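The values are calculated or read from the model by the stated rules, or taken from the named source; none is laboratory data. These numbers were taken from a predicted model, which means no experiment stands behind them. Quick reminder, even Gly has a Cβ in these numbers, built from the backbone with ideal geometry, and neighbours come from all protein chains shown.
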Amino acid sequence: MTTNGWLSGWRLTVVRILALAAVIAITVFVFLVRDQIERFRAYGYLGIFLISILANATVILPAPGIAITFAMGAVFHPIPVAIAAGSGATLGELTGYMAGFSGQGLVEQGRLYERLKSWTVGYGGWAILVLAFIPNPFFDLAGMAAGALRMPLPKFLTWVWIGKFLKMLVFAYAGAASIEWLARLMG
């Protein structure tokens, strides 16, 4: 436990409890409104940004963020789609980071934590970037590890944004290309 600065002792415990409560509340909220997320499409790039926040704010539960990016890449220019989706996804990943930060004292005793810790410590931001780029449902674990390890938040967000932007760029361009391919296929 940290003993330096104002964030120690009982204050650290309160912040961890509040962060964990926020993560749980956000996850439950997104799960409850998952059917209404489609309405955000009408808002263009802002809608893409909001959908990406919600899709990535869930911890472990899947949400349709990449599918929306793919579809919107066919409707809008892929680069702004990737910027909006990558930025929203990055902000949404704060829930995993907060969950790791809030549960740091509990996670430190596990073997899984030790493996994640050594990998994240060894590769740092590059590990976060690669895991953010690869489509996988387990990125929350990387965010949790970064939060538990107290990776500086600006560093975490920078590496996540690069990985998420690149991933969303690939899916947005794939969506744009699919329209051309479908048009040729239909004659």
*Of the conditions (1) at pLDDT 75 or above; (2) more than 23 Å from S178 (Cβ to Cβ); (3) among the aromatic types (F, W, Y), Y45 fails just one. Which one is it?*
(2)
*Report, by residue number, each residue of the stretch 115-124 that is surrounded by 18 or more Cβ atoms within 10 Å (Cβ to Cβ) and of a type outside the set (V, I, T).*
L116
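If you scan the stretch 130-164, which residues turn out to be in a helix (DSSP H, G or I) and surrounded by fewer than 21 Cβ atoms within 10 Å (Cβ to Cβ)?
Here is the first cut: in the stretch 130-164, the ones in a helix (DSSP H, G or I) are 130-133, 139-148, 153-164.
Selection gives V130, F133, L141, L153, P154, K155, L157, T158, W161, I162.
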*Just need a number here: residues in the stretch 108-158 that are over 17 Å from the mean Cα position of the chain (by Cα) and at pLDDT 90 or above.*
0
